[in-house]
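Novice: So that we are looking at the same thing, I have put the structure below in structure tokens.
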Ligand code: PMV
């Protein structure tokens, strides 16, 4: 009744921002991401004679309120497995939580894989992805590795809204995401509240939705052709469009910090100078750079030169979420 799983976080190249169903977490638009090797969550779940459900993240027991989403996912698994036992869940991220490095994605994916194994229910990748989605939308893209498309689906019950692998990590092993950590403080507006506000108040939301189909198509083709200029430039513009939505939401949501702008302005200059690099930014201040392996050294040197002591790391496309044998307790 105890199982452990590890899942990588993912970064969207075409973003998800807005739900059509808040409870089932069904998106307004499809999205495409890449799994990040080396940015992961490890989670152990045990169903047993515990007095109550317990959730410990990065060494600290979380309050009922903080653990609400996790316990919600555990309830779904219990229901599916027909078990009533309480759960002890211990989870560790190897990167800062809630700072725009998609800890909610790797967290909810690792949780579902571990909990399903601990409860003894066999689910395929689609079934796991549908359940991961209920914890955090972007988590449905962390069940499979490599490049993954979240199909928005049409059904009201959400059974066709899941992350589907479009290319394995080995298909494009030279693809890289360089992450920067410009700030470790937890973000002031959570994605869930922010996107709800955007759908309600942003005057440009309709334009965003209209532009998604062509972004998805271009990024799909770019991945199939291993064309970094297409994937990078479409992803960069898509991220800017999403942040334009955030800025023009009422009240406006601005995640950027001065260093965020400094990096993106420099990337545009470096690109003009011939360096093939592009940026993307999620709901936080961190900038992720999209490039190929051969450019990483030069980009990292330039980042250090322009920012001094910023934390950076490079990530190849990561693998599937999977059970492992080393339990956390
Ligand atoms: O799934 P959530 O609630 O963590 O929202 C993710 C939203 C973005 O990271 C900004 C975009 C995306 O597609 O990952």
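Novice: In the range 78-93, is there at least one residue being more than 10 Å from the ligand (Cβ to nearest atom), over 29 Å from residue 51 (Cβ atoms) and surrounded by 24 or more Cβ atoms within 10 Å (Cβ to Cβ)?
Specialist: Within the range 78-93 (the criterion being more than 10 Å from the ligand (Cβ to nearest atom), over 29 Å from residue 51 (Cβ atoms) and surrounded by 24 or more Cβ atoms within 10 Å (Cβ to Cβ)), the answer is no, since none of the residues qualifies.
Novice: Checking residue 194 against (1) more than 30 Å from residue 95 (Cα to Cα); (2) touching a residue at least 60 places away in the same chain (Cβ under 8 Å), only one condition comes out false. Which one?
Specialist: (1)
Novice: Quick test for you: out of 122, 127, 153, pick the one residue that is closer than 24 Å to residue 1 by Cα and assigned to a loop (DSSP other than H, G, I, E, B).
Specialist: 122
Novice: Hey, another quick one. Using beta carbons and a limit of 9 Å, which pairs, at least six apart or on different chains, have the first residue in the range 231-246 and over 16 Å from residue 16 (Cβ atoms) and the second one at pLDDT below 95 and crowded, with 24+ Cβ neighbours inside 10 Å?
Specialist: Close Cβ pairs (under 9 Å, with a partner that is at pLDDT below 95 and crowded, with 24+ Cβ neighbours inside 10 Å) do not exist here.
Novice: A follow-up question, please. Residues 176, 220: which one is within 26 Å of residue 320 (Cβ to Cβ) and in contact with a helix residue (DSSP H, G or I) (Cβ under 6 Å, 6 or more places away or on another chain)?
Specialist: After ruling out the rest, the residue left standing is 176.
Novice: On to the next question. Determine which single condition residue 275 fails, assuming it passes every other condition in (1) more than 30 Å from residue 294 (Cβ to Cβ); (2) touching a residue at least 12 places away in the same chain (Cβ under 8 Å); (3) over 21 Å from the mean Cα position of the chain (by Cα).
Specialist: Every condition holds for residue 275 apart from (1).
Novice: Sticking with this structure for a sec: Are any residues in the range 1-12 in a strand (DSSP E or B) and more than 9 Å from the ligand (Cβ to nearest atom), and if so, which ones?
Specialist: Across the range 1-12, the qualifying residues are 2, 3, 4, 5, 6, 7, 8, 9.
Novice: Filter the strands (runs of 3 or more DSSP E) completely within the range 240-329 down to those with at least 1 residues that are surrounded by fewer than 20 Cβ atoms within 10 Å (Cβ to Cβ).
Specialist: Correct list: 288-292, 311-315, 322-324.
Novice: Filter the range 183-198 for residues that are touching a strand residue (DSSP E or B) at 6+ places or on another chain (Cβ under 9 Å) and within 13 Å of the ligand (Cβ to nearest atom); which is nearest to residue 237 (Cα to Cα)?
Specialist: Once the filter is applied, the top-ranked residue is 195.
Novice: Considering each residue of the range 110-134, count those that are at pLDDT below 95 and under 28 Å from residue 231 (Cβ atoms), and give that number.
Specialist: 0
Novice: Take the residues in the range 227-238 that are touching a strand residue (DSSP E or B) at 6+ places or on another chain (Cβ under 8 Å) and more than 24 Å from residue 301 (Cα to Cα); name whichever of them is surrounded by the most Cβ atoms within 10 Å (Cβ to Cβ).
Specialist: If we take residues in the range 227-238 being touching a strand residue (DSSP E or B) at 6+ places or on another chain (Cβ under 8 Å) and more than 24 Å from residue 301 (Cα to Cα), then 238 is surrounded by the most Cβ atoms within 10 Å (Cβ to Cβ).
Novice: Taking the range 21-41 only, how many residues are under 19 Å from residue 192 (Cα atoms) and either in contact (Cβ under 8 Å) with a residue 40 or more places away in the chain or surrounded by 23 or more Cβ atoms within 10 Å (Cβ to Cβ) (or both)?
Specialist: 12
The values are calculated or read from the model by the stated rules, or taken from the named source; none is laboratory data. Worth saying up front: this structure is predicted, and the values here are computed from it rather than measured. FYI the Cβ positions are ideal-geometry reconstructions off the backbone, even for glycines, and counts take in every protein chain you see.
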